[in-house]
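The values are calculated or read from the model by the stated rules, or taken from the named source; none is laboratory data. All figures in this text were calculated on a predicted structure; none of them were measured in a lab. Virtual Cβ from ideal backbone geometry, glycine too; neighbours counted across all protein chains shown.
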Amino acid sequence: MEIIKPRTLSGFMELLPDKQQRFERMMEILRTTYASYGFAPLDTPVIEDAQILLAKGGGETEKQIYRFTKGDSDLALRFDLTVPLAKYVALHYNDLAFPFRRYQISKVYRGERAQRGRFREFYQADIDIIGDGKLDILNEAEIPAIIYKVFRGFGLTRFQIRVNNRKILNGFYALLGLEEKSGEIMRTVDKLDKIGAEKVCTILLEDCGLTQDQAEEILKFIAIRGTNAEVLAALEGYAEKHPLFDQGLEELKAVTVNLAAFGVPEENFAVDLTIARGLDYYTGTVYETTLLDHPEIGSVCSGGRYDNLAGYYIEKALPGVGISIGLTRLFYVLDEQGLLNPNLPSAPADALVLPMTSEAGPAIALAETLRSAGLRVQLYGEQKKFKQKMAYANKLAVPFAVLLGEDEIAQGMCSVKDMRSGQQVTLPPVEAAAHIRAALNQGSQAVILER
RNA sequence: GUGGAUGUGGCCUAGCUGGUUAAGGCGUCAGAUUGUGGCUCUGAAGAUCGAGGGUUCGAAUCCCUUCAUCCACCCCA
């Protein structure tokens with residue numbers, strides 16, 4: 001038989017067990033945090049009818065979506081979680097309670113060239129709040145507050161949630177008579193950090209066809225920096241010239257005030273007039289989150305307010321606000337930077353039961369006893385040499401090995417070996433369980449990352 | 001989609017003005033050491049040098065084609 005060389009496609013992340021364990025832990029934190037704010041879990045199919053996913057048509061989605069046929073069906077892999085949500089809400093409109101709050105942590109697919117931190121298959125961890133007809137501005141402050149909680153839950157402190165409002169930008173461009181070109185301008189301005197003000201100016205003049213005055217006004221506008229209060233104060237200078245701008249400013253102020261009330265420290269969020277990117281369906285508040293020490297990797301979490309979620313699928317006005325964490329990218333960066341908490345248990349079990357006799361019965365009973373005490377226990381059933389059993393325990397990085405030989409069985413005992421200290425005690429099974437639990441709770445089980 | 005670079009055991013790398021058996025490290029497996037692991041020592045397995053074609057007495061090395069990967073752009077999480 002010919003061997004097919006195993007390989008994983010570029011742009012797809014595949015983890016070894018210990019890393020996967022850490023990844024699962026992040027998802028756990030996400031789930032519990034999202035749930036603590038009253039969001040309901042949702043799962044939708046990876047594959048949808050292509051018509052549904054491409055309802056919006058045109059643009060990047062069309063170019064990057066994985067599309068295929070099976071028989072007569074025209075199918076596609078979901079490109080994000082927002083479009084499936086729109087379909088879901090439209091389809092189950094009558095059965096849902098609004099505001100509808102859901103979270104979804106699932107894989108999405110994009111057929112683009114993979115790069116460092118850019119994947120073709122990746123997890124998004126989304127939360128959205130969908131209103132029926134209306135949705136209060138309060139929600140727009142709550143969403144980033146939840147993101148803050150999540151990131152802190154991951155153990156991160158050096159991150160910044162940047163907030164802006166599209167109405168401010170659109171209102172401002174309208175003031176300059178540039179409403180037609182707002183998309184183009186936003187995309188250019190968004191690159192400010194990367195290419196610098198001069199380059200931005202050049203592109204605005206040459207590619208976007210702005211006048212010198214218009215370009216200067218825009219550069220002056222995006223040059224507004226400082227504390228949130230300072231930026232807001234500077235924005236007041238543009239007030240009462242355009243109603244859209246004024247509305248956006250009011251919203252931005254409301255978000256900023258409430259964000260503080262939700263307990264998000266000023267250093268973790270910033271009003272930033274250059275952020276504008278994200279899908280073009282955003283209409284108001286927009287968010288983008290970056291890791292302060294790794295700006296090169298781009299946004300690990302972004303989202304915003306949209307006014308018409310499901311217009312392609314239902315004749316209802318369903319405004320919403322949501323945000324998406326690029327979990328795969330975030331994990332990739334954290335791992336690459338060695339930021340993954342080495343104190344997180346990564347072993348698949350707390351204890352490995354090693355039977356030293358050929359008779360399995362007592363070992364099975366022992367493992368069950370330990371499990372009843374709440375421990376994660378693996379029973380090693382292979383007839384291997386003792387050395388190999390220990391080597392296995394090492395590789396798994398289990399904190400405890402529990403030995404069960406003839407002597408122990410005869411006495412109704414078992415030997416608990418702490419794999420890090422090498423210390424070993426012989427105890428009855430129930431006490432052994434208590435012993436292990438106590439040790440684990442002390443945090444003395446600190447997982448071995450490197451020896 | 002556009003531009004640039006790179007493909008050598010599972011992983012990382014040496015060899016590249018062509019010259020016989022492709023070298024090393026990590027990892028894997030075995031033994032030293034048959035109820036006590038990590039360290040050390042010894043040994044072993046594992047590569048048609050990405051694939052196909054060409055030049056040549058001779059190609060990992062030169063040429064062409066192709067595929068794959070990586071980087072930048074585009075766009076995005």
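Number of residues in region A:127-148 that are among the β-branched types (Val, Ile, Thr) and assigned to a helix (DSSP H, G or I): the value is 3. Listed conditions (1) more than 14 Å from RNA strand B (Cβ to nearest atom); (2) in contact (Cβ under 8 Å) with a residue 40 or more places away in the chain; (3) within 27 Å of A:VAL398 (Cβ to Cβ) are all met by A:ARG376, apart from (2). When each of A:GLU296, A:GLU315, A:GLU336 is tested for being farther than 29 Å from A:LEU96 by Cα, without any contact (Cβ under 8 Å) to a residue 40 or more places away in the chain and over 17 Å from the mean Cα position of the chain (by Cα), the lone residue that passes is A:GLU296.
Is it the case that region A:300-312 has a residue that's of a type in the set (Lys, Arg) and in contact with a Ser or Thr (Cβ under 8 Å, 6 or more places away or on another chain)? Yes, some residue in region A:300-312 is of a type in the set (Lys, Arg) and in contact with a Ser or Thr (Cβ under 8 Å, 6 or more places away or on another chain).
Scan region A:171-193 for residues that are within 16 Å of RNA strand B (Cβ to nearest atom) and of a type outside the set (A, V, I, L, M, F, W, C) and the total you get is 9.
Being more than 14 Å from the chain's Cα centre (by Cα), of a type outside the set (Lys, Arg), on the phi > 0 side of the Ramachandran plot and at pLDDT below 95 holds for only one residue in A:GLY117, A:GLY133, and it is A:GLY133. Condition test on A:GLU14, is it closer than 30 Å to A:GLU142 by Cα and surrounded by fewer than 18 Cβ atoms within 10 Å (Cβ to Cβ)? So A:GLU14 does not fit the description; no. The residues of region A:149-190 that are at pLDDT below 90, more than 26 Å from A:PHE262 (Cα to Cα) and part of a helix (DSSP H, G or I), listed by number, are A:GLU179, A:GLU180, A:LYS181, A:SER182, A:GLY183, A:GLU184, A:ILE185, A:MET186, A:ARG187, A:THR188, A:VAL189.
The residue that is modelled with the highest pLDDT, among those in region A:51-70 that are β-branched (Val, Ile, Thr) and within 15 Å of RNA strand B (Cβ to nearest atom), is A:ILE65. Out of everything in region A:116-138 that is more than 9 Å from RNA strand B (Cβ to nearest atom) and hydrophobic (A, V, I, L, M, F, W, C), what residue ends up being nearest to A:LEU318 (Cα to Cα)? Selected residue: A:ILE130. Of all residues in region A:305-328, those being closer than 15 Å to A:TYR148 by Cα, assigned to a strand (DSSP E or B) and in contact with a Phe, Trp or Tyr (Cβ under 7 Å, 6 or more places away or on another chain) number 2.
Among the numbered conditions (1) surrounded by 14 or more Cβ atoms within 10 Å (Cβ to Cβ); (2) within 14 Å of RNA strand B (Cβ to nearest atom), the only one that A:PHE39 does not meet is (2).
In region A:80-126, what residues are aromatic (Phe, Trp, Tyr), more than 27 Å from A:ARG25 (Cβ to Cβ) and either free of Cβ contacts under 8 Å to residues at least 12 places away in the same chain or in a loop (DSSP other than H, G, I, E, B) (or both)?
Correct list: A:PHE98 only.
Scanning region A:271-292 turns up no residue that is among the small types (Gly, Ala, Ser), closer than 23 Å to A:ALA114 by Cβ, within 12 Å of RNA strand B (Cβ to nearest atom) and not in a loop (DSSP other than H, G, I, E, B). Of the residues making up region A:400-424, those that are of a type outside the set (A, V, I, L, M, F, W, C), touching a strand residue (DSSP E or B) at 6+ places or on another chain (Cβ under 9 Å) and more than 9 Å from RNA strand B (Cβ to nearest atom) number 1.
Filter region A:390-399 for residues that are near RNA strand B (Cβ under 7 Å from one of its atoms) and closer than 12 Å to A:LEU354 by Cα; which is farthest from the chain's Cα centre (by Cα)?
Checked region A:390-399; the qualifying residue farthest from the chain's Cα centre (by Cα) is A:MET390.
Out of A:ALA434, A:ALA391, one residue alone is surrounded by fewer than 21 Cβ atoms within 10 Å (Cβ to Cβ), in a helix (DSSP H, G or I) and touching a residue at least 60 places away in the same chain (Cβ under 8 Å). It is A:ALA434. For region A:191-242, taking the residues that are part of a helix (DSSP H, G or I) and acidic (Asp, Glu), the one that is farthest from A:THR256 (Cα to Cα) is identified as A:GLU206.
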